[in-house]
Amino acid sequence: MNIFVFIVIAWIPLVYSEVTLECFQFFKALSNKLSNNFNISDLTPQESAFLLLSGKNINDLGYFQACNKDPERRYVLARNNTGKLPQDIMVGLCGPKFCTTQDYYHLFDHYLVSFKLRYERETNKTLPLYNNLEFIDPQELNLNRDGLYHMVIYLFGFFALLSIAACSWTTYFKNEDTQVQTEGIPSSDDRINSIHNSNLGMIAKLLSCFNLSQNLKSLCKSEGEPSHDYSVDCLHGIRAISFFYIIFTQTFNYQAIAMKNYFSGLSIIDSWGYLFVLGGLKIIDLFFFLSGFLNAYTLFYKLRNTRLSFKSYLGMTFHRWFRVWPTYMIVLLVFWKLSSYSRTGPLWPFYTFEAQNCALTWWKNAIFLNNWLVEEGFCMDWTWYLAVDFQLYLLLLIFICVYTKSPRVASYGLTSLILSSLGYSLIMNEKFDNIFQLTPNLTYETVKYIMTNPVARSAVYFLGVACGLSYRNYQNNEGGYIFAIWESSSVARFASFFIGVYLIGAALIYPRELQLGQTWSHGFSIAYQSLSGFFFALGTMIILGLILIGKLHILKSFLHWRILKIISRLSFTGYLLHGMIIMIHSLGQDASREFTLSSGFSDSVSNFIIVGLFAGITSLFIERPLKNLEQRFIKYNHETHFLLPNLEKTSAIQMSSRESSLQENQGH
């Protein structure tokens with residue numbers, strides 16, 4: 001059934017002032033021909049193009065490239081915005097150039113209700129159409145290559161030049177070694193150190209930060225903290241798997257845009273398999289849990305025997321900021337100024353609209369307040385996590401300081417923080433009627449006050465903090481009683497394991513009742529929406545605790561797999577890039593696609609590989625060199641924990657292994 005042919009046939013006189021004269025006459029003439037018997041030869045080229053190149057069914061995007069080959073034609077995407085992504089309906093139109101997007105709106109908005117009634121009568125299927133039509137013209141995109149665009153390109157050239165110079169510098173000394181070792185001339189490392197102690201030392205230290213071979217070795221190294229006999233390397237495995245799960249869920253979300261098999265696609269969302277896709281929505285809570293655990297675990301070691309002054313607080317804040325902000329801003333500039341030129345297509349305006357929104361909102365990202373100031377939308381909307389995590393880190397520094405002085409007071413405060421956060425979530429979800437739904441309908445209020453709010457997220461974060469501190473105390477034989485109980489009692493381990501599995505499974509599978517059409521009570525939906533993420537993290541904490549004490553050997557061995565550790569180290573740059581790459585892949589297509597579980601999984605794997613590739617490049621050329629700059633030009637005072645300029649003439653290739661490992665874990 002050709003949707004828009006039917007609409008044209010159903011054409012009735014319109015208010016003349018609403019539509020331009022030429023467009024009015026075009027559709028009136030076409031309507032007259034379609035209402036009577038006509039030959040193909042009777043149609044003008046513009047009329048033929050409209051019928052042949054426009055979409056002919058729900059989510060048929062038509063022929064974008066063919067339509068744009070003729071300068072007299074204009075491609076317009078008609079979208080019925082339902083507010084729930086999988087239910088949005090889109091159709092591509094290939095009309096004459098003189099018809100504007102406003103013309104299309106006035107022409108077709110009149111027939112929305114009548115078309116819905118006829119379609120449902122003929123197909124016996126419900127069509128979720130609402131009076132919310134919008135028409136988008138990809139040719140109206142306002143893209144310009146300004147000075148900032150060229151600056152980003154020059155910046156990449158600068159990083160590449162530094163990497164090439166660093167490799168050449170190192171290669172020069174190593175090649176000379178093979179020629180001078182028999183003559184008693186010092187080795188390349190000795191001569192590099194002597195240069196570091198000369199007037200060229202600053203340049204040598206700078207170049208060594210960009211050495212690709214050293215950065216690659218640092219990325220792929222397998223050892224943990226050499227100064228201690230215990231490790232939390234299993235966190236790398238959990239973080240790597242969680243990172244893939246985020247890409248998996250995001251890929252399905254964007255694949256659902258303009259799915260060609262509209263009604264069968266909606267039935268897939270009601271299947272058992274799709275429950276595991278929805279489970280990815282809980283993974284962000286797991287990231288907060290892991291961040292709280294690792295930050296508490298490392299910070300407690302640093303601060304337990306020192307006094308945290310305001311000066312040192314600023315120093316540690318600067319350390320955290322510098323590990324994230326420069327790379328973050330470079331990727332933001334790429335998203336804003338470069339990525340819009342990478343593809344084109346009927347769905348591409350959805351991407352460019354978000355990229356160009358950075359012109360208004362980039363400064364919110366720069367000061368890590370893009371989770372609070374959401375009135376004008378987001379720039380790189382997935383990076384709200386970084387803002388919340390940074391804000392919770394600032395609070396954690398104060399909490400750790402209190403904990404080192406009075407563990408009991410801090411424990412009461414920690415319990416109060418978790419309970420207050422859960423109570424806040426319940427109150428806000430009830431206030432804004434944010435019940436659990438399979439296809440969430442996000443509003444301004446639910447985004448600002450619940451999803452991206454640090455108060456709502458702090459329960460999971462500080463649950464990780466409690467677990468990290470407890471495990472650190474257990475290792476030091478100073479507490480951590482839950483770990484001691486697990487180690488001594490097989491019954492406790494057995495019962496805890498099944499409780500953890502149940503909590504994780506309930507968070508992922510319980511929504512099956514909604515899929516089957518069963519209605520939850522309002523109170524239960526609010527409670528599930530508010531508490532499911534916390535209990536998912538709690539179940540993960542139990543399983544993690546059993547792994548940390550040396551149980552669940554098979555799972556522990558898998559999580560210590562070296563490739564997972566490498567993926568975990570790339571998770572920061574990968575997280576920055578994943579939304580951009582998935583959107584480019586999904587919104588740069590020329591035609592609608594079938595929505596299936598198998599195609600979604602294959603797309604997820606391909607997106608994961610592409611994200612990993614670009615994350616590796618970004619890490620080697622930008623993120624790790626900037627990390628090296630901080631370590632080699634900033635002196636970290638272990639007594640005051642304050643960062644000062646490192647003016648000592650020491651070798652740029654010498655680093656404290658313990659400090660490097662701690663920063664490696666904490667920075668990500």
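Quick notes
- Any hit, the stretch 119-129, residues being open to solvent by 10 Å² or more (accessible area, probe 1.4 Å) and either closer than 15 Å to residue 23 by Cα or modelled with pLDDT of 80 or more (or both): no
To keep it simple, each residue is scored yes or no on (1) hydrophobic (A, V, I, L, M, F, W, C); (2) under 30 Å from residue 268 (Cβ atoms); (3) in contact (Cβ under 8 Å) with a residue 12 or more places away in the chain.
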{"residue": "405", "(1), (2), (3)": "no, no, no"}
{"residue": "413", "(1), (2), (3)": "no, no, yes"}
{"residue": "418", "(1), (2), (3)": "yes, no, yes"}
{"residue": "421", "(1), (2), (3)": "no, no, yes"}
{"residue": "427", "(1), (2), (3)": "yes, no, no"}
{"residue": "435", "(1), (2), (3)": "yes, yes, yes"}
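- Taken together, 587, 576, 570, 564 contain a single residue that is modelled with pLDDT under 90 and within 21 Å of the chain's Cα centre (by Cα), which is 587.
- Pairs linking a residue in the stretch 313-334 that is within 19 Å of residue 298 (Cβ to Cβ) to a residue that is aromatic (Phe, Trp, Tyr), with Cβ atoms under 6 Å and 6 or more positions apart or on different chains, are 315/642; 320/393.
- Selection count, the stretch 262-315, where residues are within 16 Å of residue 404 (Cα to Cα) and within 28 Å of the chain's Cα centre (by Cα): 5
- Residues (among the aromatic types (Phe, Trp, Tyr) and open to solvent by less than 40 Å² (accessible area, probe 1.4 Å)) located in the stretch 527-560: 528, 534, 536
- Test: residue in the stretch 445-468 that is within 30 Å of residue 579 (Cα to Cα) and assigned to a loop (DSSP other than H, G, I, E, B): yes
- Subset of the stretch 192-216 (residues that are at pLDDT 60 or above and over 34 Å from the mean Cα position of the chain (by Cα)): 201, 202, 203, 204
- In the stretch 376-391, the count of residues that are among the small types (Gly, Ala, Ser), at pLDDT 85 or above and part of a loop (DSSP other than H, G, I, E, B) is zero.
- Residue in the stretch 561-583 that is open to solvent by 20 Å² or more (accessible area, probe 1.4 Å), over 19 Å from residue 248 (Cα atoms), touching a residue at least 60 places away in the same chain (Cβ under 8 Å) and assigned to a loop (DSSP other than H, G, I, E, B) present: yes
- Residue count for the stretch 257-315 under the criterion of being open to solvent by 50 Å² or more (accessible area, probe 1.4 Å), out of contact with any helix residue (DSSP H, G or I) (no Cβ under 9 Å at 6 or more places or on another chain) and in a helix (DSSP H, G or I): the result is 5.
- Among residues of the stretch 88-114 being open to solvent by less than 40 Å² (accessible area, probe 1.4 Å) and among the aromatic types (Phe, Trp, Tyr), the one that is modelled with the lowest pLDDT is 111.
- If the condition is being modelled with pLDDT of 75 or more and either over 18 Å from residue 255 (Cβ atoms) or among the acidic types (Asp, Glu) (or both), then the stretch 69-87 contributes 69, 70, 71, 72, 73, 74, 75, 76, 78, 80.
- Within the stretch 376-403, restricting attention to residues that are surrounded by fewer than 18 Cβ atoms within 10 Å (Cβ to Cβ) and of a type in the set (Val, Ile, Thr), the residue that is nearest to residue 292 (Cα to Cα) is 398.
- Every condition in (1) of a type outside the set (A, V, I, L, M); (2) open to solvent by 10 Å² or more (accessible area, probe 1.4 Å); (3) closer than 25 Å to residue 505 by Cβ; (4) touching an Asp or Glu at 6+ places or on another chain (Cβ under 8 Å) is met by residue 244 except one, and the failing one is (4).
- Members of the stretch 321-375 that are under 22 Å from residue 258 (Cα atoms), in a loop (DSSP other than H, G, I, E, B) and open to solvent by 30 Å² or more (accessible area, probe 1.4 Å): 342, 343, 344
- Selection within the stretch 517-526 - part of a helix (DSSP H, G or I) and either crowded, with 17+ Cβ neighbours inside 10 Å or in contact with a Phe, Trp or Tyr (Cβ under 8 Å, 6 or more places away or on another chain) (or both): 525, 526
- Only one of 552, 531 that is touching a helix residue (DSSP H, G or I) at 6+ places or on another chain (Cβ under 6 Å) and at pLDDT 85 or above: 552
- Within the stretch 494-528, tally of residues that are of a type in the set (Phe, Trp, Tyr), modelled with pLDDT under 75 and farther than 29 Å from residue 555 by Cα: 1
- Of the residues making up the stretch 153-170, those that are surrounded by 13 or more Cβ atoms within 10 Å (Cβ to Cβ) and among the hydroxyl-bearing types (Ser, Thr, Tyr) are 163, 170.
- The residues on offer are 373, 397, 419, and the sole one that is at pLDDT 90 or above and of a type in the set (A, V, I, L, M) is 419.
The values are calculated or read from the model by the stated rules, or taken from the named source; none is laboratory data. Given the structure is predicted, the values throughout are model-derived calculations rather than measurements. We place every Cβ from the backbone using ideal geometry, glycine too, and count neighbours over all the protein chains shown. With ligands, DNA and RNA removed, areas are computed over all heavy atoms of the protein, side chains included. Shrake-Rupley method; radii C 1.70, N 1.55, O 1.52, S 1.80 Å.
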